[in-house]
1. Is it fair to say ALA240 is in the same structural domain as LYS124 (by TED's automatic domain parsing), within 17 Å of the chain's Cα centre (by Cα) and at pLDDT below 95?
2. Restricting attention to helices (runs of 4 or more DSSP H) lying wholly within the range 141-250, give those where 3 or more residues are surrounded by 24 or more Cβ atoms within 10 Å (Cβ to Cβ).
3. From (1) outside the structural domain of VAL232 (by TED's automatic domain parsing); (2) more than 16 Å from the chain's Cα centre (by Cα), pick out the condition that doesn't hold for ALA101.
Amino acid sequence: MKQHKTRGLLDLIISILPGLTLKEKIKLLNSFDNEEELYFQSKKNIEGLLNRKVKKDWDISEIRNKADRIDTICGIRSIKWVSWSSEEYPPLLREIYDPPAVIYYRGSLPNPEKPLLGMVGTRKPSPESAEQAYKIACGAGKAGISVVSGLALGIDAMSHRGNLAGGVPGYAVLGSGIDEIYPSSNRLLAKQILDSGGALISEYSPGTKPAKWSFPARNRIISALSRSVLIVEAPQKSGALITAAFALEHGRELWVASTGVQKSTIKNKLGTLKLAEDGAEVIYSELDIFKKWNLNYADNDKKVMVSAGNISKEEIISSMANLLNIEI
């Protein structure tokens with residue numbers, strides 16, 4: 001396991017204590033060094049530390065047993081976990097207002113020295129936005145930039161597929177337990193992300209089913225892990241706009257894709273149009289991202305990455321077919 005050895009299951013126990021906010025769990029992580037210290041604390045002691053009454057009752061022995069079961073399941077299902085108190089916890093995630101006390105993952109966590117590009121959007125994109133998501137993500141991948149998204153249908157899936165085609169590790173943040181891939185139609189895509197050397201990441205313990213409330217929460221993790229966030233296309237009421245709000249809260253660069261502000265199929269683009277009106281910059285291709293990130297690829301440099309405009313139509317058609325569940 002990735003947690004600090006001397007802490008045992010302390011961090012996992014704290015992460016599942018009921019009735020506490022995320023910030024309160026972080027406070028407890030900072031207050032104790034091992035399980036024994038926590039066991040000697042009464043609920044009244046904990047309330048004193050938190051400076052409030054905790055409505056939920058708990059039996060620390062039962063919670064310890066639950067944490068032990070989670071840890072055992074993680075071992076059986078090749079799921080790792082890392083806590084906020086560990087050096088291996090993603091540093092950008094640690095900096096936000098409400099980081100998870102523990103994150104679970106399969107694969108390998110992102111290299112903190114390599115910035116990630118967040119890409120999200122509607123589950124029912126226009127063809128032009130689906131194609132642009134694939135192209136930008138693929139071009140970014142060919143330049144060594146990995147994408148982090150949410151494994152959802154539509155723009156998320158096209159962004160993941162394009163990035164994998166670009167030859168870099170992919171990263172997906174789930175709104176469910178790592179062993180509960182949602183939607184199930186993206187299980188193969190999840191496997192491809194793992195095969196790429198990337199990771200599936202979640203703040204939810206194994207066995208947690210997807211729920212409406214969990215997806216907005218996971219969007220803050222996508223934003224937190226990203227250097228910049230690109231909203232490709234979003235209608236007026238879209239989960240992608242929640243990611244946009246988190247990006248602004250986290251101080252990330254917020255962009256919209258050019259197809260997301262086109263007037264065709266305008267109903268699907270009202271959210272991205274509003275973001276652009278409010279000041280979000282428009283991205284036309286991955287080359288715009290290179291400029292904004294000060295990545296210089298000279299035309300005569302042998303390391304220059306092929307523009308996504310040169311991606312074969314076959315690649316795009318294949319991914320569009322996957323998106324629409326069509327056999328070709």
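The values are calculated or read from the model by the stated rules, or taken from the named source; none is laboratory data. This one's a predicted model, so the numbers in the text were calculated from it and none came from an experiment. Note: ideal-geometry Cβ built from the backbone for every residue, glycine included; neighbour counts use all protein chains shown.
1. Values: in the same structural domain as LYS124 (by TED's automatic domain parsing): yes; within 17 Å of the chain's Cα centre (by Cα): yes; at pLDDT below 95: yes.
For ALA240, the condition - in the same structural domain as LYS124 (by TED's automatic domain parsing), within 17 Å of the chain's Cα centre (by Cα) and at pLDDT below 95 - is met.
2. Working: elements: 155-165, 187-195, 214-225, 239-249.
Because the criterion is at least 3 residues that are surrounded by 24 or more Cβ atoms within 10 Å (Cβ to Cβ), the helices (runs of 4 or more DSSP H) in the range 141-250 that meet it are 155-165, 214-225, 239-249.
3. (2)
One line per residue, one yes/no per condition, for (1) of a type outside the set (Lys, Arg); (2) closer than 22 Å to ALA140 by Cα:
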{"position": "GLY177", "(1), (2)": "yes, no"}
{"position": "ALA217", "(1), (2)": "yes, no"}
{"position": "ALA224", "(1), (2)": "yes, yes"}
{"position": "SER228", "(1), (2)": "yes, yes"}
{"position": "VAL232", "(1), (2)": "yes, yes"}
{"position": "PRO235", "(1), (2)": "yes, no"}
{"position": "THR243", "(1), (2)": "yes, yes"}
{"position": "ALA247", "(1), (2)": "yes, yes"}
{"position": "ARG252", "(1), (2)": "no, yes"}
